[in-house]
DNA sequence: TAGTTAGTGTAAGTCTCGCTTACAGTATGT
DNA sequence: ACATACTGTAAGCGAGACTTACACTAACTA
């Protein structure tokens, strides 16, 4: 069969479905909806003119032809996947990778991304520094760094990571955490945890249409990691963005108090050395980071 | 590597390019433009973060990584392609296939399609009949048939093949064949070869904006294959459509005399037994026929 | 056997990304 | 130096992969 006419996407969908006997499960592993799988399999069956699945029963059974096809595709794709994996084990994906990040994303989100990264590229040794000085000048230039705000930097390659937006969070131990999405006015009875040099709280209340807070308790910290630490400890209510607190929310250390968000004043950027000196390993990290960021945004 | 992230199209493009060391050639084999290949390879190199080709020299040389990748992908795709081919060799693609066609397309175009078909499905024995009686009723119902005009038929599955359009052709031996796209008025000095029960010639002259021919010689035949036979023999000028005369034009047996075409009054349809009794082999022939028809239309 | 849950089928509409077009740039041959 | 043959790349288009939404069917539960 001519290469140009092999329905690759359809075969991939078929393989996933055949392995589980369950379109929904298959769809999840490929990161699409069940309808997409159904569509592709229909296409493939139509192309071959024969049935690949026995659909009377559940879980779906492969027909003879389906069984045969599964062996072929699995073998083929495995071969390709291994080859691709091997390429990633080479020198290009070995050695050291110096990573610098601003504390906000760096503290929590980036560490989890790096966790996935090192398991995917076991031969890369990552050295990470978080530093609020996002200008690269005073450091030995890093292989990969995340900066906040303006990113133009002498001779470094810049790609947009994305923009976050803020919403109030607090410890589940505070009484107000009980009612889902309480009235913003009620939140004024708690300590509002601020970060120095930001106006996130006031912008948020403005967006709510609530009068600026007058006599509420406030406390100021130097950096988002500290405000969140305080929030977790039950000190009061802090503003947070999704990437930094996604894990906290999921594991119940923090509770989100509103649907309403205000955008960060600046986006995050990734900077790397220019194309000539860009390490493949850094590019791979960039891809992963961007993907994970999008993923969180989508939720 | 997770299946969902294998860039299959990019790998296919890479494989084609790596095999020839020539993007243009690779593009041809995949039936796309060189830019498409270039784009996909760029994507792949970018995804992996490393160069696959050494581009200083021509033909392009694979890098080490490229070499490795080629082995993997070639192996993988070969495996899949073989598996797919095997599936086509099974009972589903064996046995007899009865094909019925109206003479127009059947005479020339369909035979060439069938030629390709049998080389692709060697185990299928094709029995073809051309018959102007495109109603199926009096025959043992065929596995695959091409009809002209209205296609509604008791219980058969119908798919549109396409609509042709007509233009004048003649033998290269006629003097008028010398000048490319002569004045339609000059053509009136030759015998106009007609097919019974069609008004193609008069519709064509109407489309030209030329007065209906008065005292020109005419000759009538029963069926397009006869008109074309006469045209090839130098009898005069006949009307023909692209599928039927594509080979004649390419091989110089006929010359096209005008850019202007008039559409056929009806489209061609393919009919097969309904889904339950549709043979996979017939479906495959249908796919091939439709593809080849589109291809000619595109030229 | 009726209700419930988990899954598949499928039509309609959306949007991505693979592709073409068009042109500039770069090797190789004469 | 010119011609030829190929590659690189930006801009824009369109097919088709995908999502959404709902109908439907199988398999459990009681």
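The values are calculated or read from the model by the stated rules, or taken from the named source; none is laboratory data. Fair warning: this is a prediction, and the values are worked out from it, not measured in the lab. Cβ: placed from backbone, ideal geometry, glycine included. Neighbour counts: every protein chain shown.
Any residue at all in the stretch A:93-109 that's farther than 30 Å from residue A:244 by Cα and assigned to a helix (DSSP H, G or I)? Even if it seems obvious, please write down each step before you answer.
Step one: of the stretch A:93-109, the residues farther than 30 Å from residue A:244 by Cα are none.
Looking for residues that are farther than 30 Å from residue A:244 by Cα and assigned to a helix (DSSP H, G or I), one finds none in the stretch A:93-109, hence no.
Of all the residues that make up the stretch A:75-92, how many are more than 21 Å from residue A:123 (Cα to Cα) and either facing chain B (nearest Cβ under 7 Å) or touching a helix residue (DSSP H, G or I) at 6+ places or on another chain (Cβ under 6 Å) (or both)? Spell out the reasoning first.
The initial filter retains those residues of the stretch A:75-92 that are more than 21 Å from residue A:123 (Cα to Cα), namely A:75-79.
Now narrow it down to the ones that are either facing chain B (nearest Cβ under 7 Å) or touching a helix residue (DSSP H, G or I) at 6+ places or on another chain (Cβ under 6 Å) (or both): A:75-77, A:79.
Number of matching residues: 4.
Could you count how many residues in the stretch A:5-48 are more than 8 Å from DNA strand D (Cβ to nearest atom), assigned to a loop (DSSP other than H, G, I, E, B) and either more than 8 Å from chain B (Cβ to nearest Cβ) or more than 28 Å from residue B:31 (Cβ to Cβ) (or both)? So that I can check it myself, show each step before the final result.
Of the stretch A:5-48, the ones more than 8 Å from DNA strand D (Cβ to nearest atom) are A:5-6, A:8, A:11-12, A:14-26, A:28-29, A:41-42, A:44-48.
Applying the additional criterion that residues be assigned to a loop (DSSP other than H, G, I, E, B) yields A:6, A:21-22.
Adding the requirement that they be either more than 8 Å from chain B (Cβ to nearest Cβ) or more than 28 Å from residue B:31 (Cβ to Cβ) (or both) leaves A:21-22.
Residues meeting the conditions: 2.
Of all residues in the stretch B:53-74, count the ones that are in contact with a strand residue (DSSP E or B) (Cβ under 7 Å, 6 or more places away or on another chain) and surrounded by 18 or more Cβ atoms within 10 Å (Cβ to Cβ).
5
How many residues, within the stretch B:16-36, are surrounded by fewer than 21 Cβ atoms within 10 Å (Cβ to Cβ) and under 21 Å from residue B:54 (Cβ atoms)?
Residues flagged as surrounded by fewer than 21 Cβ atoms within 10 Å (Cβ to Cβ) and under 21 Å from residue B:54 (Cβ atoms) within the stretch B:16-36 amount to 9.
Looking only at residues in the stretch A:49-64 that are within 16 Å of DNA strand C (Cβ to nearest atom) and not in a loop (DSSP other than H, G, I, E, B), which one is nearest to the other protein chains (Cβ to nearest Cβ)?
Of the residues in the stretch A:49-64, the ones within 16 Å of DNA strand C (Cβ to nearest atom) are A:49-63.
Those left that are additionally not in a loop (DSSP other than H, G, I, E, B): A:53-54, A:61-62.
Working: A:53: 15, A:54: 15, A:61: 17, A:62: 13 Å.
Only one residue fits best here, namely A:62.
Scan the stretch A:271-295 residue by residue and report those that are within 12 Å of another protein chain (Cβ to nearest Cβ), crowded, with 16+ Cβ neighbours inside 10 Å and in contact (Cβ under 8 Å) with a residue 40 or more places away in the chain.
A:272, A:278, A:279, A:280, A:281, A:282, A:284, A:285, A:286, A:288
Answer yes or no as to whether residue A:59 is more than 30 Å from residue A:228 (Cβ to Cβ) and within 16 Å of DNA strand D (Cβ to nearest atom).
Numbers: more than 30 Å from residue A:228 (Cβ to Cβ): yes; within 16 Å of DNA strand D (Cβ to nearest atom): yes.
The answer is yes for residue A:59.
Out of B:95, B:104, I need the residue that is away from DNA strand C (no atom under 16 Å from the Cβ), more than 12 Å from every other protein chain (Cβ to nearest Cβ) and modelled with pLDDT under 85. Which one?
Numbers: B:95 fails: modelled with pLDDT under 85.
Of the residues listed, the single one that is away from DNA strand C (no atom under 16 Å from the Cβ), more than 12 Å from every other protein chain (Cβ to nearest Cβ) and modelled with pLDDT under 85 is B:104.
With respect to residue A:49, is the statement that it is at pLDDT below 90, more than 27 Å from the chain's Cα centre (by Cα) and either assigned by TED's automatic domain parsing to the domain that holds residue A:197 or within 28 Å of residue B:73 (Cβ to Cβ) (or both) true? Can you show your working first?
Numbers: at pLDDT below 90: yes; more than 27 Å from the chain's Cα centre (by Cα): yes; either assigned by TED's automatic domain parsing to the domain that holds residue A:197 or within 28 Å of residue B:73 (Cβ to Cβ) (or both): yes.
Answer is yes for this residue.
Going through the stretch B:21-48 one residue at a time, which ones are farther than 22 Å from residue A:80 by Cα and within 10 Å of DNA strand C (Cβ to nearest atom)?
Matches in the stretch B:21-48: B:31, B:32, B:33, B:34, B:35.
Would you please list the contacts, defined by Cβ atoms under 6 Å and residues six or more apart or on different chains, that run from a residue in the stretch A:6-31 that is closer than 16 Å to residue A:62 by Cα to a residue that is more than 10 Å from DNA strand D (Cβ to nearest atom) and not in a helix (DSSP H, G or I)?
A:18/A:62
Mind listing whichever residues of the stretch A:211-249 are over 25 Å from residue A:148 (Cα atoms) and either modelled with pLDDT under 85 or not assigned by TED's automatic domain parsing to the domain that holds residue A:183 (or both)?
Within the stretch A:211-249, A:211, A:212, A:213, A:214, A:215, A:216 meet the criteria.
Out of A:248, A:259, which single residue is assigned to a loop (DSSP other than H, G, I, E, B), more than 14 Å from every other protein chain (Cβ to nearest Cβ) and surrounded by fewer than 20 Cβ atoms within 10 Å (Cβ to Cβ)?
A:259
Can we say residue B:69 is assigned to a helix (DSSP H, G or I) and more than 10 Å from chain A (Cβ to nearest Cβ)?
The answer is no for residue B:69.
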